[in-house]
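A.B. asks: Below you'll find the structure I mean.
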Amino acid sequence: MHDAQIWLVKNILLHSPVRTFMQSAWAWPIAESLHFLGLTLLIGTIGAFDLRLLGVGKRIPIAAMHRFIPWGIAGFAINVCTGSLFVLTEPDQYIYNSSFHLKVVFLAIAGLNAGSFYVTSYRYVCGPTFCYEAPRRAKMIAAISLCAWIGVITCGRLLTFFRPAPCVGPQTRIALACQP
């Protein structure tokens with residue numbers, strides 16, 4: 001563990017605005033359900049668009065598939081909100097977790113990759129003329145996107161299997177986090 005991680009966990013535990021709410025009987029299950037709904041929107045739209053760029057469904061114009069991307073962005077926003085609730089409730093189970101670190105790396109790769117699509121390929125594939133075949137560069141971006149999102153999903157699922165410390169009650173956790 002690094003000092004920055006310990007400091008971060010300690011401060012989140014001491015100042016979390018949502019921990020009490022999230023530890024109620026229904027808050028965590030509702031947040032989990034919303035997280036999966038967001039994931040469905042995100043992967044359903046981004047994954048379908050990436051597959052279209054790779055050549056699946058060639059009779060559908062790429063620009064037509066791109067119209068679904070706002071739904072994927074909405075799903076991502078839902079996941080950022082619910083994921084933040086999880087981290088603010090149980091920070092030690094995320095901040096110290098190698099699977100969480102990898103998930104963040106895959107998220108960064110997916111984000112940078114999406115940015116590269118809009119900088120390099122968007123005008124061509126979603127321009128004024130119907131495009132039915134993506135250029136090689138767009139196909140490479142789509143393949144990287146699919147791999148990155150599979151990595152995000154896999155690491156997210158592995159979070160529960162790689163618990164960094166035994167689960168203890170919130171008061172004990174605060175006392176442990178406050179120790180030098």
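Coordinate-derived values only; no laboratory data. Computed from a prediction, not measured in an experiment: that's the story for all the values here. Quick reminder, even Gly has a Cβ in these numbers, built from the backbone with ideal geometry, and neighbours come from all protein chains shown.
A.B. asks: Mind listing the phi-derived Karplus ³J(HN,Hα) values for the range 29-37, rounded to whole Hz, using 6.51, -1.76 and 1.60 with θ = phi - 60°, and x for any glycine or proline?
C.D. replies: Using θ = phi - 60°, the values come out as x, 5, 5, 4, 4, 5, 4, 5, 4 Hz.
A.B. asks: Angle, helix 98-120 long axis vs. longest principal axis of the chain, Cα atoms, 0 to 90°, nearest 10?
C.D. replies: 30 degrees
A.B. asks: Then there is this: Sorting THR129, THR154 on the 10 Å Cβ count, fewest up front, what's the list?
C.D. replies: Numbers: THR129 8, THR154 13.
Listing THR129, THR154 from fewest to most nearby Cβ atoms yields THR129, THR154.
A.B. asks: Distance from the Cα centre of the range 59-122 to that of the range 1-51, in angstrom?
C.D. replies: Their Cα centres are 13 Å away from one another.
A.B. asks: OK, next. Calculate how large, on average over all directions, the projected area of the Cα convex hull of the range 3-178 is; give the answer in nm² to one decimal. Display every interim value, and only then the final one.
C.D. replies: Working: hull surface 44.6 nm².
Spelled out: convex hull of the Cα atoms, projected over all directions, averaged, 11.1 nm².
A.B. asks: Check the straight Cα-Cα distances from LYS139 and name the lysines below 21 Å, setting aside those fewer than 8 residues away within the same chain.
C.D. replies: Within the straight-line limit of under 21 Å, LYS139 reaches these lysines: LYS58.
A.B. asks: A follow-up question, please. At 0.36 nm per residue, minus the direct Cα-Cα distance, what do GLU133 and HIS2 gain on full extension? Give it in nm, one decimal, please. Display every interim value, and only then the final one.
C.D. replies: Details: separation 131, 0.36 × 131 = 47.16 nm, distance 4.80 nm.
Here the segment from GLU133 to HIS2 would lengthen by 42.4 nm.
A.B. asks: Rounded to whole Hz and in sequence order, give me ³J(HN,Hα) for the range 75-91 from the Karplus expression 6.51 cos²θ - 1.76 cosθ + 1.60, θ = phi - 60°, writing x for Gly and Pro.
C.D. replies: Along the range 75-91, the couplings run x, 4, 4, 4, 5, 5, 5, 5, x, 5, 4, 4, 5, 6, 8, 10, x Hz.
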